[in-house]
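Encoded as structure tokens, the structure appears first; notes follow it.
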Amino acid sequence: MRLRHLAPVLLGFFVLAASACGPEPERRLTVAELPPSGPRVTIEGHEPDTHRLFGSVSSDAGEVRVEVFEDGRFLGHADLEQGRWSLPWWPGRRALALEVVARDRRGFEAQARVDFQHLAFDARPGLYQPETLLALPTAPGLRTYFTRDGSTPTPASRRYTGPIALLARSTPEVRWSFIPTTAPTATEGSRWMVPLEAPAQAAVVRFRQYAGTEPVGPVLTRTFIIGRAPYTLPVLSLVTDAENFFDPAKGIYVPGLLSEARPEDAESANYMMDGKEWERPVHVEWFESSGERVIAQNAGVRIHGSGSAVLPQKSLRLYAKEDYGPKTFAGPLFPGSPVTEFTRLLARTSGQDQGVTKLRDCVLQRLLAETRLALQPCRPALVFLDGEYWGLHELRERYDEYYLASHYGLDRKKAVILELFGALDVGEEGDEQPYLDLVDFVRTHDLSVPEDYAWVRTQMDVEDFIDYQVAQLYLGNEDWPENNVKFWRLRTKKYVPDAPYGQDGRWRWLVYDLDFALRSGPAFDSLGRVLNDPKLEAWSVLLLRGLLQSPEFKARFIERFVWHLEHTFASERVTALLDAAVAELEPEMPGQVARWSQPASMEAWRVQLEELRETLRQRPAFMRQLLEQHLGPLAQ
């Protein structure tokens, strides 16, 4: 047996000289005088199918010999071909290190070394690991099969015979990131672009045990990021059979056969489909920025959103269901929130702001956190899909009956959510009638009459409505009020004034999708548009216009608006929140740009941020002028 004791690696020539008379004058070597560098060698991975260890090797001196050692024991001379080396290797169950030495004909050598940790699959490790030999569970009479590409293990997959080497560079070929996710007819700026560089990868291992061809137990899945410094944000790892996302017939993330059948119709594409038939199974792991794993379970996934689904990077909706595993996602996902169990979650891509600031909706909802408005907590995170880097997303709660139950203590079976003009979103047939009655009352009554205004206040939470309107108007949301409108109540037979907040049977509003807010500069007359624009659908402005007939409502509306301008939207406050959000995203934004070209570049991103920052600085003064212009002098 040949053993090796490694000495320090000689990478080239250098000379240290000392002089009793002090340092010699600096002399720069010319290119011709520089000695040739020594060889270079890397360890890149291990292919379980062929059991070959491999890496790269090069030398300016031509011929190189590569020797491979495991724990100092000589394994052999590697095969060389076009700057690559490889050698058969079956990882020892107790192996501690691999050493590869490349030596050129001058005697110069270079070394690459991997020191292994040993990790059991059923341990509860964090996301970030050094190079590892991963052991899978085995049992007498059973065979264990595993995959590294996210696919479900079957008897046709690799059979486990010994530890799996997880090396920093040992990941499957990047495949899914180079599949177009928009139709060929997509407009410029909304069209999928080839990644600017090969995306980063995580190591995904799935295994299942079989007795013959019969599965024994569930598929188990683990995600690791090997040998790199932690990302600054949490990581959401989604693992599924690739056909669930990319198959032309059933893949939810691609234009697919539906687009091929009607290429002229942007609405005709796989990713525009919704409903249970377009839900796919997925394994979900959530890791905090420390690498601690908080969630690991099977779930369902669908595309989320309509207008934003045509963009390259798409929002995803995650479903916790007994069909897959636990009924909820359990964990403190949103620091500061008392809610720690979630039935639905969103991995949102910033919607139609993904190519602009990538943070607009998240920051603007944070601005409203001190109000009692219904809001969606936001956690920026990095998504990996089947081990491939999928870019920046925002973990959000979804507005549905489960949200209302967890935030307001409602019986979810009595929750009602309507949208737009009163269309039923959540609830039972007929649940829309109380709202339609309210709208009809406002349309047909003079709310300057105190008794009529008093009745309206029993049907809707006027204070909530004022805060909602102030927020939308100050933010100049141009994708509102004819879109992105939802409101809710607890189904009750009558108004219950002494009930806990949210359980009195009155209508309240949901804030979401602020991607088109503050797009037209600080002077945008959002108030004049809502009060006077005849092109707006009547249903979208009826309540505010009708309520402003009431002197009591008008005075309270102005008072509350001015208070928000001086506090909620004070320039120093909004600038601080924006700067904090930028600092949170900035370290990870280059990866997002390289992966999706959304935003187009770091420079383009910073330009958009500065425009938003300047708009936020100037908006309060312009909004005060608009209030006086449309509603009269403001009380001092």
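The values are calculated or read from the model by the stated rules, or taken from the named source; none is laboratory data. Source: prediction; values computed, not measured. Positions of Cβ are generated from backbone atoms using ideal geometry, with glycine treated the same way; all protein chains shown enter the neighbour counts.
If you take the residues of the stretch 308-320 that are out of contact with any Ser or Thr (no Cβ under 8 Å at 6 or more places or on another chain) and touching a residue at least 60 places away in the same chain (Cβ under 8 Å), which of them is farthest from residue 403 (Cα to Cα)?
Step by step, filter the stretch 308-320, then rank; the result is 316.
Could you please find all residues in the stretch 252-303 being among the hydrophobic types (A, V, I, L, M, F, W, C) and either over 17 Å from residue 329 (Cα atoms) or not assigned by TED's automatic domain parsing to the domain that holds residue 322 (or both)? It would help to see each step written out before you state the result.
Start the filter on the stretch 252-303 by keeping residues that are among the hydrophobic types (A, V, I, L, M, F, W, C), which leaves 252, 254, 257-258, 261, 266, 269, 272-273, 278, 282, 284, 286-287, 294-296, 299, 301, 303.
Correct list: 252, 254, 257, 258, 261, 266, 269, 272, 273, 278, 303.
Let's see how each residue does on (1) in a strand (DSSP E or B); (2) touching a residue at least 24 places away in the same chain (Cβ under 8 Å); (3) not polar (S, T, N, Q):
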position: 102; (1), (2), (3): yes, yes, yes
position: 106; (1), (2), (3): no, yes, yes
position: 125; (1), (2), (3): no, yes, yes
position: 149; (1), (2), (3): no, yes, yes
position: 156; (1), (2), (3): no, no, yes
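Those residues that are crowded, with 19+ Cβ neighbours inside 10 Å and of a type in the set (A, V, I, L, M), I need them from the stretch 511-536; list them, please.
Those that are crowded, with 19+ Cβ neighbours inside 10 Å and of a type in the set (A, V, I, L, M): 511, 514, 517, 518, 527, 530.
Just to be sure I understand the filter: pairs with C-beta atoms under 6 Å, separated by 6 or more residues or on different chains, first member in the stretch 621-636 and under 15 Å from residue 557 (Cβ atoms), second member assigned to a loop (DSSP other than H, G, I, E, B) and at pLDDT 95 or above. Which pairs pass?
From residues that are under 15 Å from residue 557 (Cβ atoms), the pairs are 626/525.
I need the full set of residues from the stretch 56-75 which are assigned to a strand (DSSP E or B) and not β-branched (Val, Ile, Thr), in order please.
Scanning the stretch 56-75 gives 56, 58, 65, 67, 69, 70, 73, 74, 75.
Quick one: residue 402 ticks every box in (1) under 28 Å from residue 251 (Cα atoms); (2) in a loop (DSSP other than H, G, I, E, B) except a single one, so which number is it?
(2)
Quickly run through the stretch 161-182 and pick out the residues that are modelled with pLDDT under 95 and either of a type in the set (Gly, Ala, Ser) or crowded, with 20+ Cβ neighbours inside 10 Å (or both).
Once the filter is applied, which keeps residues that are modelled with pLDDT under 95 and either of a type in the set (Gly, Ala, Ser) or crowded, with 20+ Cβ neighbours inside 10 Å (or both), the stretch 161-182 yields 162, 163, 164, 165, 166, 167, 168, 170, 171.
Looking for whichever is among the hydrophobic types (A, V, I, L, M, F, W, C) and assigned by TED's automatic domain parsing to the domain that holds residue 229 here; the options are 156, 102, 78, 97. Which one fits?
Result: 156 is the single residue among 156, 102, 78, 97 that is among the hydrophobic types (A, V, I, L, M, F, W, C) and assigned by TED's automatic domain parsing to the domain that holds residue 229.
What do you reckon, is residue 550 in contact (Cβ under 8 Å) with a residue 60 or more places away in the chain, under 30 Å from residue 197 (Cα atoms), among the hydroxyl-bearing types (Ser, Thr, Tyr) and surrounded by 15 or more Cβ atoms within 10 Å (Cβ to Cβ)?
no
Yes or no: the stretch 475-495 includes at least one residue that is out of contact with any helix residue (DSSP H, G or I) (no Cβ under 9 Å at 6 or more places or on another chain) and farther than 25 Å from residue 529 by Cβ.
So far as the stretch 475-495 goes, yes, one or more of its residues are out of contact with any helix residue (DSSP H, G or I) (no Cβ under 9 Å at 6 or more places or on another chain) and farther than 25 Å from residue 529 by Cβ.
Out of (1) touching a residue at least 40 places away in the same chain (Cβ under 8 Å); (2) outside any strand (DSSP E or B); (3) over 18 Å from the mean Cα position of the chain (by Cα), what's the single condition that is false for residue 257?
Here residue 257 clears every test but (1).
Here are 385, 311: which of them is buried (at least 20 other Cβ atoms within 10 Å of the Cβ), within 11 Å of the chain's Cα centre (by Cα) and not acidic (Asp, Glu)?
On inspection, the qualifying residue turns out to be 385.
Just one of the numbered conditions (1) over 22 Å from residue 484 (Cα atoms); (2) among the polar types (S, T, N, Q); (3) in contact with a Gly (Cβ under 6 Å, 6 or more places away or on another chain) is not true of residue 526; which one?
(1)
Looking at this structure, is residue 598 touching a Gly at 6+ places or on another chain (Cβ under 9 Å), in a helix (DSSP H, G or I), among the polar types (S, T, N, Q) and touching a residue at least 60 places away in the same chain (Cβ under 8 Å)?
Spelling it out, it is not the case that residue 598 is touching a Gly at 6+ places or on another chain (Cβ under 9 Å), in a helix (DSSP H, G or I), among the polar types (S, T, N, Q) and touching a residue at least 60 places away in the same chain (Cβ under 8 Å).
When you check residue 224 against the structure, is it surrounded by fewer than 18 Cβ atoms within 10 Å (Cβ to Cβ) and modelled with pLDDT of 95 or more, yes or no?
Against the criterion (surrounded by fewer than 18 Cβ atoms within 10 Å (Cβ to Cβ) and modelled with pLDDT of 95 or more), residue 224 does not qualify.
Please find, within the stretch 272-289, the residue that is nearest to residue 321 (Cα to Cα) out of those that are touching a Phe, Trp or Tyr at 6+ places or on another chain (Cβ under 8 Å) and assigned to a loop (DSSP other than H, G, I, E, B).
The extreme case among them is 279.
If a residue has to be more than 38 Å from the chain's Cα centre (by Cα) and within 29 Å of residue 136 (Cβ to Cβ) to count, how many in the stretch 100-113 make the cut?
1
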